[in-house]
1. Given the structure, is B:GLY369 open to solvent by less than 10 Å² (accessible area, probe 1.4 Å), among the small types (Gly, Ala, Ser) and within 13 Å of another protein chain (Cβ to nearest Cβ)?
2. Condition check: within 24 Å of B:THR195 (Cα to Cα) and within 20 Å of the chain's Cα centre (by Cα). Does B:ALA294 satisfy that?
3. Among the listed residues B:ASP450, B:ASP424, B:ASP441, identify the single one that is in contact with a strand residue (DSSP E or B) (Cβ under 6 Å, 6 or more places away or on another chain) and of a type in the set (Asp, Glu).
4. Go through the residues of the stretch B:153-161 one by one and say whether even a single one is farther than 18 Å from B:ALA373 by Cβ, in contact with a helix residue (DSSP H, G or I) (Cβ under 9 Å, 6 or more places away or on another chain) and at pLDDT below 90.
5. So which residues in the stretch A:72-94 are touching a Phe, Trp or Tyr at 6+ places or on another chain (Cβ under 9 Å) and of a type in the set (Gly, Ala, Ser), if there are any at all?
6. What's the total number of residues in the stretch B:77-104 that are touching a residue at least 60 places away in the same chain (Cβ under 8 Å) and within 14 Å of another protein chain (Cβ to nearest Cβ)?
7. Is it fair to say B:THR107 is open to solvent by less than 60 Å² (accessible area, probe 1.4 Å), within 14 Å of chain A (Cβ to nearest Cβ) and not in a loop (DSSP other than H, G, I, E, B)?
8. Does B:SER401 qualify as being open to solvent by 10 Å² or more (accessible area, probe 1.4 Å), in contact with a Phe, Trp or Tyr (Cβ under 7 Å, 6 or more places away or on another chain) and of a type in the set (S, T, N, Q)?
Amino acid sequence: MDRGGVEPPRLTPKAMIAQDETRQTVAAPLPSPSTPEGPGLEVVSSSRRVRLLPYALLAPAAAFLLVVHFIPMAVGLYMATLRLNQGHLLEFLGAPFVGIDNFTYVLTDPISPLKDQFLEAARNTVIYTVAVNILSLLVGFVAALLITRDFRGRGLVRTLLLLPWIVPTYVVGILWGFMWAPDSGIINHILRDVLHLPVRPFWLVGPLTMTAIVIPTVWRNFPQSMLMLSAGLAGIPADLYEAAEVDGASSWQRLRFITVPMLRPVMAVVLLFGIIATVYSFNVVFTMFGRGAGYAGEWGDVLTTMIFRNSFGQLNFGVGAAASVLLMLVCVGLVAIWYWAFREDLRAR
Amino acid sequence: MSSLRRSMGTTALVALSALLVMACGNSPSGGSGNSATVGYATSQPKVKITFWYMPNGAAPNDYFKAEAAAFNAAHPNIEVEGTLVDWGDAFNKITTALTSGVGPDVTQLGTTWVGAFSKTGGLHPMSKGEVDGLGGSSAFVPGAWASSSLVGSGQTTAIPWFIDTRAIYYRADVLNRLGIDPATAFSTWDAMDQTLAKIKADGKVQAFGIPGKNAYDVVHNFAPWVWGAGGDYVNSDGTKSQIGSDASVDGVYQFESLASKYVDKAVLQKSNSEVEAAFGAGQFAVTTDGPWLAQQLQQPKAQGGYGDDVTAKAGFGTAPYPAGPKDHKVFFGGSNLAIMKSSKQEAAAYEWVRWLTNQGQPTYVSKVGMWPARGLSANASVFAADKYDTAFKNQLQFGKSYPMIAAWGPIETALVKDFGNLWDQVAQANGPVPRDTVKSDMSKAAQDVDAAIQQSK
């Protein structure tokens, strides 16, 4: 070197990311206790006067949450302890109190038909949720990588990739139900008449039913993942890639050691929203199998459709409410697994 | 006094008189109002009532509008606003209306739902005067009147409107070509099996076509076979399931075997309307359906029918359902009309029910392709003229309906799921599902039915 001395050692991409994160945590100085922080957040002075404006602004949203979420949730929990069947339907919350009988009927009663139905539906819900979210994330990630590149027609491609998201979920179920039809459906037409494969699968019967409900849901959901991940990609500093390129990192190495680690927090959020939405997903399965028996079969019945069938079809809303509480616990379980997997990414820096 | 004040005073006096008459004469809880005082006189104030109806016939909205217009001409002070509700949604929507108190004034109900909805207490119980105002119970076909109340309740909550039964439809040209006599081709289970076997062996057209689990009447399709074998779904008082008995299993096995042998598996996954369209297009030679299919096969495509298609042009016929080895029974269902207790216009709603089950019945019921529940209406010339109705008329004597018990709605939901499972097995099997498997499935169904009965108490 002209200046003499030793050149500082070049950092690896991983070290650069760590350095970048450290800079971010030390960048913002803590506010001085005597510094005012702006309108609406007056520091507690010696007179302990607290402005009420933020609470006033939050009040409508809080009231809405109370009315639309918390009160119905509490009513639902109470309904789960009532014998709210057809004989007591009009009494509503005045129906006889039965404690945890509805829960034991769903989970442990040997003569209850719901026990097997619940376990089957719970299994299907877990498989469906995991498959849909992993596939939506993967497809969304690939699509995000595509639309963040600069190429001719990128705007059109992005619009086309967003189209499935605007199709209402009940339309997705009906549409794909026709597409999966064994003789008149387009999927089997492509397999048999275009690709000349010697198959005519019955997609809506047996274990293939799971495939038949996962694929349309992924088709409908991946644009949301794509959008969030593309926003995340835009936030990754370009100098990380430049430094890695200079060091001779391949595309795969840049993807694996820069892109994916930097996107983990975004992926965590995408997966969280996806898990909750998919556990409670109803429309696609219900409308795909809504004709006739309305029963998606051993491999298609999910907890929401099972609860709907046994509440409205059996006129037994107490049992349905109990099963709904158990569904909520299934969701909590999956979110707990999510938290264990992403706890490091969620930690404040 | 001005003419406006005079007319207002007159109106008030008439309204007050009407109110007094109604208060004295018409008790909603089975009181003794006589037939002369029930209903909503034409001198009463204008009101609007809401009516939920299901897809009856090829053009349900047009048929309703025509009937509402005719009713309005006779009752200018009552306007009827109709809403078409699909059969697949109807049970849930009516349940929601009963629980919320927000729903129609009058609703069409499947006969099999009368017990379940009556038990909730959300249907208006007809007074003696109101029943007499319809002509009394004797004016209706006895088998149909049995569906007007919950067993043991003593209260009439749903008036029979039309009867729905199923018969065999066949391609007359196919049977003719194969030398099969239509008069005996479907007379017994064995005869039907032999007929279908001949058509299959001929190879020119598929033998049989029926919907499987995607039928809206999954349970009704198995019923004649279960009964024909000497079995049943539940015992006579509806306290215990019978579907797991050997006789019932024989009936279920017979029907699923016929389907396995003669129905294309892709056809089994179609819905009712898809199967009807496929039969109209000539995809298979034999199917089972209600009298409305004959209507549709005679109506041109422009009116929603299949009259321009293969089967109509080649020629078709109808035959009564086959007799089983132990009994000969056909499913007897249909639709009733109920007034919701939450209705604010019960008198006007009653007038609409009276119209639909009397003056309006022959025209409407013949258009939608059903059979009238009112005895005298069946003599109307519009029913005698159609040769395809003969099979349905002849088998009315074999009609059997489900018991009108409170648990029937939940029982049917449970059976729909269990039969749906069986149809899935048929779709995946190579040949008929073995009798042992059917026995195991029906034992599970029996357990589900017993649980539904228990939970309904």
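The values are calculated or read from the model by the stated rules, or taken from the named source; none is laboratory data. None of the values given here were measured: they were computed from a predicted structure. Reconstructed Cβ throughout: ideal geometry from the backbone, glycine too, with neighbour counts over all protein chains shown. When the accessible area is computed, the model is the full protein with side chains, heavy atoms only, and any ligands, DNA or RNA have been set aside. Shrake-Rupley method; radii C 1.70, N 1.55, O 1.52, S 1.80 Å.
1. On the way: open to solvent by less than 10 Å² (accessible area, probe 1.4 Å): yes; among the small types (Gly, Ala, Ser): yes; within 13 Å of another protein chain (Cβ to nearest Cβ): no.
In short, no.
2. Details: within 24 Å of B:THR195 (Cα to Cα): yes; within 20 Å of the chain's Cα centre (by Cα): yes.
It is true that B:ALA294 is within 24 Å of B:THR195 (Cα to Cα) and within 20 Å of the chain's Cα centre (by Cα).
3. Values: B:ASP424 fails: in contact with a strand residue (DSSP E or B) (Cβ under 6 Å, 6 or more places away or on another chain); B:ASP441 fails: in contact with a strand residue (DSSP E or B) (Cβ under 6 Å, 6 or more places away or on another chain).
Just one listed residue meets the conditions, B:ASP450.
4. Applying the first criterion (farther than 18 Å from B:ALA373 by Cβ) to the stretch B:153-161 yields B:153-155.
When the remaining residues are screened for being in contact with a helix residue (DSSP H, G or I) (Cβ under 9 Å, 6 or more places away or on another chain), the result is B:153, B:155.
Now drop any that are not at pLDDT below 90, which leaves B:153.
Looking for residues that are farther than 18 Å from B:ALA373 by Cβ, in contact with a helix residue (DSSP H, G or I) (Cβ under 9 Å, 6 or more places away or on another chain) and at pLDDT below 90, one finds at least one in the stretch B:153-161, hence yes.
5. Result: A:ALA80, single match.
6. Here the count works out to 8.
7. Values: open to solvent by less than 60 Å² (accessible area, probe 1.4 Å): yes; within 14 Å of chain A (Cβ to nearest Cβ): no; not in a loop (DSSP other than H, G, I, E, B): yes.
No: the conditions fail for B:THR107.
8. Details: open to solvent by 10 Å² or more (accessible area, probe 1.4 Å): yes; in contact with a Phe, Trp or Tyr (Cβ under 7 Å, 6 or more places away or on another chain): yes; of a type in the set (S, T, N, Q): yes.
It is true that B:SER401 is open to solvent by 10 Å² or more (accessible area, probe 1.4 Å), in contact with a Phe, Trp or Tyr (Cβ under 7 Å, 6 or more places away or on another chain) and of a type in the set (S, T, N, Q).
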